[in-house]
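Undergrad: Handing you this structure, nothing more for now.
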Amino acid sequence: EHFLRRIESLDHRLNSLITVTGEQALETARAADAARARGEAGPLTGVPIVHKDIFCTEGVRTSCASRMLDNFISPYDAGVVERFKAVGCPVLGKTNMDEFAMGSSNETSDYGPVNNPWDTQRVPGGSSGGSAAAVAARLAPGATGTDTGGSIRQPAALTGITGLKPTYGRVSRWGMIAFASSLDQGGPMARTAEDCGLMLNVMAGFDERDSTSLERPAEDFNARLNTTLKGLKIGLPREFFGEGMDPGVARVIDEAIDFYKKLGADFVEVALPHSGLSVPVYYVVAPAECSSNLARFDGVRYGYRCEDPKDLMDLYMRSRGEGFGPEVQRRIMVGTYALSAGYFDAYYLKAQKIRRLIADDFRQAFGQVDVILAPTTPTTAFRLGEKTADPVTMYLSDIYTIAVNLAGLPAMSLPAGFSEGLPVGMQLIGNYFDEARLLGVAHQYQ
Ligand code: GLN
């Protein structure tokens, strides 16, 4: 009731939720109270959350913030949604996002942009901008997000919350509407590392319905929260500390480095020589996969259908032309081009080869260090409309986050401090399956 009241009184200023499911949440909360009274409650039983509107929710609209799916009521729950249901988490609603998760500012949503709670003239980041704003404004204690190129970490950084992108394959992609399947990964967004760990304990696990799901023994991701950092080797990637970083961000990150030195961590410079290629590689691979994944939205099976089509071709063309927004259309065009005969080798194949080199850079670095520390974003939250005219400028706001997705590594963003009244995010990148270590390093800062 507390959170529903906050949503009611504050969300008209933020626009963080596309759908509110208050009745359903209250019903689950009552069932959770009963479970607690019987002594059957887990740590998150009765703790309300919100889901990014990319996760299918049975009987509830799942729009992906697109006109294409505005009328889509999912007939089933995503794997992640099932898992939160099973432990009795009430779902307050579905969060706003960039259309089909394509964006870095939450301005491509068909439901309008989300405002950053720290300054409503500024963006919350994207694509999980609604989830980030909802947690930052305390409309919900936790939210799900997805991260294809930074969409959990970048909005977490710009709104002063904590968000974790797990190792690729940890969290089921079943029922999570696909953008770029080899990069997409769901993860938790919450106030603290500890809360993210509790959520990840629920979210992670094998799902046979996702062919890239990893079969790993269950683990408690909060098991290492208080492990000493004495002797921990932290790498600073030379390439991430160059030009383009805002001086206010650099100052806050330097202070964080000093803090960890005091706790006994050792800092080493590491090289990620191919990381400068990650943005161009991503903008071949991600659109290529998106052009294939979004072929299913044809106006025939589900979703938006144009009025009075003349024939089948007209139905396809107008349904897609009217149902998808400009950024989604741009990605489909770029991806279709990169995959077309004659260009495949020059673009897609080349990008895949560089992707391997980027992953190899990290492998080398993790031969020397335990974790890598970097800023999450080059600047704090920018103004609404500031980057919408130039897609390339917008794409560069993910310059520090994208390499991690290309390599499939786990990484998180946590609040590091403030610059001119706006939150600055610090990024911690770990080796494969090292989420528990990352959460411990983050927890000791918090
Ligand atoms: N901003 C990046 C993009 O527009 C990443 C988005 C994401 O991680 N979903 O593709």
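Undergrad: With a cap of 14 neighbouring Cβ atoms within 10 Å, and only residues DSSP puts in a loop, list the trypsin sites (Lys or Arg not before Pro) found in the stretch 192-245. Walk me through the numbers before you get to the answer.
TA: Details: sites: Arg209, Arg224, Lys230, Lys233, Arg238; in loops: Arg209, Arg224, Lys230.
Within the stretch 192-245, the qualifying trypsin sites (Lys or Arg not before Pro) (loop, at most 14 other Cβ atoms within 10 Å) are Arg209, Lys230.
Undergrad: Convex hull volume of the Cα atoms in the chain, per residue, in Å³?
TA: 140
Undergrad: Quick one: if you stick a label point 7 Å off each Cα along the C-beta vector at Arg363 and Thr227, how many nm between them?
TA: Taking the simple label geometry, Arg363 and Thr227 are separated by 2.3 nm.
Undergrad: Taking a threshold of 25 Å on the Cα-Cα distance, which of the pairs Lys52/Lys387; Lys52/Lys310; Lys52/Lys165; Lys85/Lys165; Lys353/Lys387 fall above it?
TA: Check vs 25 Å cut-off fails for Lys52/Lys310; Lys353/Lys387.
Undergrad: Which one of Ile257, Ile49, Ile358 has the biggest mean-square fluctuation once the chain is modelled by GNM with Cα springs under 10 Å?
TA: For the chain, modelled as a Gaussian network with Cα springs under 10 Å, the answer is Ile257.
Undergrad: Can you list the aspartates and glutamates whose alpha carbon is less than 20 Å from that of Lys233, not counting same-chain residues fewer than 8 positions off?
TA: In chain and number order, the partners are Asp254, Glu255, Asp258, Asp266, Glu269, Asp360, Asp361, Asp370, Asp434, Glu435.
Undergrad: Among Gly42, Gly303, Ile7, whose Cα projects farthest towards the positive end of the dipole of the chain, with charges put on the beta-carbon of Lys, Arg (+1) and Asp, Glu (-1)?
TA: Projecting each Cα onto the dipole axis, the largest value belongs to Gly42.
Undergrad: Right, another one. Just need the relative contact order of the stretch 366-430 here, percent rounded to a whole number, with Cα pairs under 8 Å and 6+ apart. Present the calculation step by step, with values, prior to reporting the outcome.
TA: On the way: 78 pairs, mean separation 28.2, N = 65.
About 43 percent, as a whole number.
Undergrad: With r as the distance between the Cβ atoms of Asp246 and Gln446 and R0 = 25 Å, compute the FRET efficiency 1/(1 + (r/R0)^6) and round to 0.05.
TA: Given R0 = 25 Å and the Cβ-Cβ separation, E is 0.65.
Undergrad: At a Förster distance of 45 Å, what's the computed FRET efficiency of Glu82 paired with Asp258, Cβ-Cβ distance as r, to 0.05?
TA: On the way: r = 44 Å, r/R0 = 0.97.
Once the sixth-power term is evaluated, E becomes 0.55.
Undergrad: Considering only DSSP beta bridges whose two residues both sit in the stretch 2-203, what percent are antiparallel, to the nearest 5?
TA: 70
Undergrad: Here is a further query. Please state the relative contact order of the chain as a whole percent: Cα pairs under 8 Å, 6+ residues apart?
TA: On the way: 1064 pairs, mean separation 82.4, N = 446.
Once divided by the residue count of the chain, the mean separation gives 18 percent.
Undergrad: Find how much the distance from Ala35 to Ser340 grows on full extension, using 0.36 nm per residue of separation minus their present alpha carbon separation; answer in nm with one decimal.
TA: 104.3 nm
Undergrad: Follow-up question, since we're still on this one. Which loop-located GluC sites (Glu not before Pro) does the stretch 229-321 contain, where loop means any DSSP state but H, G, I, E or B and the Cβ has at most 16 other Cβ atoms within 10 Å?
TA: The qualifying sites are Glu243, Glu307.
Undergrad: What do you get for chymotrypsin sites (Phe, Trp or Tyr not before Pro) in the stretch 286-383 restricted to DSSP loop and a cutoff of at most 15 other Cβ within 10 Å of the site's Cβ?
TA: Passing sites in the stretch 286-383 are Tyr343, Phe344.
Undergrad: At what distance in nm do the modelled label points of Thr212 and Ile73 sit from each other, each positioned 7 Å from its Cα along Cα→Cβ?
TA: The modelled label-to-label distance comes out at 3.2 nm.
Undergrad: Can you give the Kirkwood hydrodynamic radius for the stretch 2-203, in Å, rounded to one decimal and based on Cα pairs? Mind showing how you got there, number by number?
TA: Details: mean 1/r = 0.0621 Å⁻¹.
Across the stretch 2-203, the inverse of the average 1/r is 16.1 Å.
Undergrad: Sticking with this one: Over the stretch 1-122, what relative contact order in percent results from Cα pairs under 8 Å that are six or more residues apart? All intermediate terms of the calculation are to be shown ahead of the outcome.
TA: Details: 211 pairs, mean separation 39.0, N = 122.
RCO, the stretch 1-122: 32 percent.
No lab work stands behind these numbers, since they all come straight from the coordinates. Everything quoted here is computed from the prediction, not taken from an experiment. Here the Cβ is made from the backbone with ideal geometry for all residues, glycine too, and neighbour counts use every protein chain on show.
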